[in-house]
Amino acid sequence: MPPIKVNVKWSGKKYELEIDTDNTAESFKSELYRITGVEPQRQKIMCKGTILKDDTDLKSLNIKEGQNLTMMGTAGELPKEPEKKTIFMEDMTDRQLAETLKLPSGLINLGNTCYMNSTLQCLRSVPELQESLNSYTSRQRGAGVSSNLIASLSDLFRRLNQTTEGYQPMHFVQNLRTAYPQFAQRNAHGFMQQDAEECWTQIVSAMNNANLPIPPQHDSSTSAESSSASSDSSFVKQYMTGELTSVLKCLEAPEEEPIITPDTFTKLTTSHMTNGIFEALHEDQIEKNSPTLNRSARYSVTSRISRLPAYLTVHFVRFYWKQQQRIKAKIIREIKFPFEFDVSEFCTDELKKKITPVKNRLIELGKDRSSAKRKAKLAGNSKEKVEEEVPKIDDSVIEEIKKLVDPELAKDVGANVTGLYDLCAVLTHIGRSADSGHYIGWVRKEDSDDWIKYDDDKVTIVSQDEIQKLAGGGALISSDNSFATSNSGGIDSS
């Protein structure tokens, strides 16, 4: 039945509105509340001598067109119109949608620049790096190509943090191609696709050459008790550089004195995870002249990590040179990587001794939290209730852990003091050849199990399950891991 127009008299005023007899009196009262401000529970509506109740069947009243109804009741304060008009997701612009979903900005592809875009998004996941770039003042900047590149990187990150729309990194890519001409190679179709791992290496090298400073709030080099952070320290040296101790032994003359040498690294290169790293740290097919045998002899060199950086880069070798086709071809093999990585087994005995107490305590806490979470889930609790059941790491626990940190490691700015790492970024390649295909960056969302997928300027949220699928493998062209960066599983991130 179509709506009927009626007149409602209240407080000396007359209101004309429609009443739908297919609905209950409750909906009619709600409409009167919107107009008059009289709450439904205060309304007394008289119709033909009958007071309308919420469940009154309006059809039973046989209301006629233009009929008069009387309402009694005191109005409260009229509801205020919201200051901001409601905007539905389908009506939002890309910028509004990104702000609502708290999505960071992506980088527009300027013609085969996905290798650079994904690399930059992974680097951007390091908060201390952004702090360091913010403090990279004009007084610290030199006139060289490295300084120009890092100055443009600082400007780029600042602009990305001020927008939620895709940004064109034109100034940065120009400086990158000036500093490293290999990234300016062209073919008949325009700029060529480049290797993301090489881009990562060169940007880190430029940061080191530009002597990018330690973030001021993290720099304890001026402290009287600080010994590791010296005046020539830089962000790359402290936060991204590890140290190795290598022992060279003559296999044919065991009595010969071994040679011990220190070295540094900014990434671990491997074709597998744990076993591959062990293989990379040991070699027994070295030929060199033996001073005790007076001839060429076979040597072995075993390296162990003597200093762990806060951020560890692991490069998975995914391409090899195919001589016949003269291309870098993809190694189609699954390479699994963990979300939590214990590297203590790759460390020297001295470093193991220093990191073991705090590492064991963090692992124990992690097991307790995981067990409580698992029990809460099995009990059928809601997501909120599950989080409530997980033991919190309060100030007393943090203080307890801090006391377990080795004093020497505590003074070493930017060092990992636990031997534990949490995966925070992954960079992948889709395609068969290094000279083609597409690169994508994946960054863990802060304080969440979700991840952010950076496909150039297309930014989306994905679950942790999607990251587990990035191990690659199979005969088809797939998304295979190029390298992953991890941050220290320290007191704050555990």
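The values are calculated or read from the model by the stated rules, or taken from the named source; none is laboratory data. Computed from a predicted structure; not experimentally measured. Here the Cβ is made from the backbone with ideal geometry for all residues, glycine too, and neighbour counts use every protein chain on show. What goes into the accessible areas is simple: the full protein's heavy atoms, side chains included, and nothing from ligands, DNA or RNA. Shrake-Rupley method; radii C 1.70, N 1.55, O 1.52, S 1.80 Å.
Checking Arg374 against (1) more than 30 Å from Lys354 (Cα to Cα); (2) not in a helix (DSSP H, G or I), only one condition comes out false. Which one?
(2) is the only condition that Arg374 fails.
Name the single residue, out of those in region 101-115 being of a type in the set (A, V, I, L, M) and within 20 Å of Thr460 (Cβ to Cβ), that is least open to solvent (accessible area, probe 1.4 Å).
For region 101-115, the residue satisfying everything is Leu107.
Restricting the first residue to region 44-73 and requiring it to be under 10 Å from Ala25 (Cα atoms), which pairs with a second residue that is of a type in the set (D, E, K, R) meet a Cβ separation below 6 Å and a spacing of at least six or different chains?
Short answer, once both residue conditions are applied: Asp54/Glu26.
Suppose we filter region 235-270 for residues that are farther than 30 Å from Leu293 by Cβ, crowded, with 16+ Cβ neighbours inside 10 Å and not basic (Lys, Arg); how many remain?
Matching residues across region 235-270 total 12.
Starting from region 266-280, take each residue that is more than 28 Å from Phe235 (Cβ to Cβ) and list its partners that are surrounded by fewer than 18 Cβ atoms within 10 Å (Cβ to Cβ) and modelled with pLDDT under 85, counting only C-beta distances under 6 angstrom and pairs at least six apart or across chains.
Ser271/Val317
Of the residues in region 277-295, how many are more than 33 Å from the chain's Cα centre (by Cα), farther than 11 Å from Leu248 by Cα and among the β-branched types (Val, Ile, Thr)?
The number of residues fulfilling the criteria is 1.
Which ones in region 107-123 are part of a helix (DSSP H, G or I) and among the hydroxyl-bearing types (Ser, Thr, Tyr)?
Tyr115, Ser118, Thr119
Kindly establish whether Gln174 is surrounded by 14 or more Cβ atoms within 10 Å (Cβ to Cβ), out of contact with any strand residue (DSSP E or B) (no Cβ under 8 Å at 6 or more places or on another chain), within 14 Å of Cys114 (Cβ to Cβ) and not aliphatic (A, V, I, L, M).
Spelling it out, it is not the case that Gln174 is surrounded by 14 or more Cβ atoms within 10 Å (Cβ to Cβ), out of contact with any strand residue (DSSP E or B) (no Cβ under 8 Å at 6 or more places or on another chain), within 14 Å of Cys114 (Cβ to Cβ) and not aliphatic (A, V, I, L, M).
Residues in region 445-494 that are modelled with pLDDT of 90 or more, under 13 Å from the mean Cα position of the chain (by Cα) and assigned to a strand (DSSP E or B): how many?
Counting residues in region 445-494 that are modelled with pLDDT of 90 or more, under 13 Å from the mean Cα position of the chain (by Cα) and assigned to a strand (DSSP E or B) gives 8.
Filter region 278-315 down to the residues that are over 28 Å from Lys411 (Cα atoms) and touching a helix residue (DSSP H, G or I) at 6+ places or on another chain (Cβ under 8 Å), then identify the one that is least open to solvent (accessible area, probe 1.4 Å).
Only one residue fits best here, namely His315.
Taking the options Glu279, Glu243, Glu257, name whichever one is out of contact with any strand residue (DSSP E or B) (no Cβ under 7 Å at 6 or more places or on another chain), of a type in the set (D, E, K, R) and at pLDDT 95 or above.
Only one candidate qualifies: Glu257.
Between a first residue in region 383-401 that is farther than 23 Å from Lys354 by Cβ and in a helix (DSSP H, G or I) and a second residue that is of a type in the set (D, E, K, R) and at pLDDT 80 or above, which pairs have beta carbons less than 9 Å apart while being 6 or more apart in sequence or on different chains?
So the pair list comes out as Glu389/Lys375.
Please name all residue pairs, on different chains or six or more residues apart, with Cβ atoms under 8 Å, provided the first residue is in region 244-259 and is in contact (Cβ under 8 Å) with a residue 60 or more places away in the chain and the second residue is open to solvent by less than 50 Å² (accessible area, probe 1.4 Å) and small (Gly, Ala, Ser).
Going by the 8 Å Cβ cut-off, the qualifying pairs are Leu244/Ser303; Leu244/Ser306; Thr245/Ser303; Thr245/Ser306.
For region 352-374, check the following and say yes or no: at least one residue is under 18 Å from Val247 (Cα atoms) and loosely packed, with under 13 Cβ neighbours inside 10 Å.
No, there is no match, as no residue in region 352-374 is under 18 Å from Val247 (Cα atoms) and loosely packed, with under 13 Cβ neighbours inside 10 Å.
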